[in-house]
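Right, one structure below, let's go through it.
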Amino acid sequence: MNGPLRLRLPGSTRAQPHGQRGAPLTVLSPHFDDAVLSCSQVLFAHPGSTVITVFAGRPSDGRWGSWDKKCFRPGQDPISVLQKEDREALAALTALPVNLPFLDAEYGTAYLIEEITQVLASRLDALAPESVLVPLGILHVDHVATNKAAIALIRDRPHIRWIIYEELPYRFEYLEHREVRKRELSEEGFGLSELTLPYDPNKRVKLRAIRHYKSQVKALGRVRIERALYDEQYWKVSALGEAEVRSCDEASVVTERKAAGSSMHDRAAPEEVVSECSEA
Ligand SMILES: [Zn+2]
């Protein structure tokens, strides 16, 4: 993007907490920018949180994927650039990065969910977080893999508060995938209930964090960045007990009704607060 970028910052549709700060969280981010695009307002309100980026590995042969070709110039090392941008973005939110060695799907390597689950388990057991935020797993194969790898840990780690976040901007772009994944979780025996975490209402903090990913903003585009500034959406996810699984039909209905409640935010047109932001 050349020259000043005018972005509309949507106003929040929710009550704004004043001075609320929560305990540190651990956020699972499929790619380098997903936690910041989807969870910045909550990350900033939980100082000292950790972001584990799952598909942060560097291909040993240095090959580039199609997304790299959109974002980087010849001679650049995409992973080094992304790591630096990610450190800076997370520092702006007072969060710390942890990078796992799995390769982004665009490099053509596939993994078993169990492989990812095993590595995640050892990292989470070492970090001993109270709360873990997991992407819903909308559309992208790496997002789905991150979700499934984490969901596999829930039943054995009931002491952790497990929270699903809906990926931005995907949650506004792939509504059917979003609802299908929620239904699948219900069928797998997990209940979702809507959750409001302490968050920072100042979306300019989020915008500044996003803009640290300088290599990505042009390919993401203004419209998708604007969509990332809509309200963040969180669900507490719980493994249903045997009795609840027996009445699975009823549980599904409850979950779907709760899930349908999120559409209020989906339909809401953003209040226009025009911000003048020059590209760094
Ligand atoms: Zn992603």
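Counting only lysines at least 8 places from K182 when in the same chain, those with an alpha carbon closer than 16 Å to its own are K148, K236, K258. Highest mean first, the peptides 128-135, 106-113, 76-83 sorted by other C-beta atoms within 10 Å per residue fall in the order 128-135, 76-83, 106-113.
The overall shape of region 147-235 is prolate: from the C-alpha gyration tensor, with semi-axes ordered a ≥ b ≥ c, the ratio a/c is 1.5 or greater and a/b exceeds b/c.
Per-residue packing, averaged as other Cβ atoms within 10 Å, sorts the ranges 86-98, 141-153 into the order 141-153, 86-98, beginning with the highest. Under 5 Å between amide hydrogens, built in the peptide plane, is the criterion, and for F102 it picks out A56, G57 among residues at least 5 positions away or on other chains.
Candidate cross-link partners of K84 among the lysines, defined by an alpha-carbon separation under 18 Å and a same-chain spacing of 8 or more, comprise K206, K214, K218.
Every number here is computed from the coordinates shown, using simple stated rules; none is lab data. These numbers come from a predicted model, not from an experiment. Cβ atoms come from the backbone with ideal geometry, glycine included; neighbour counts cover every protein chain shown.
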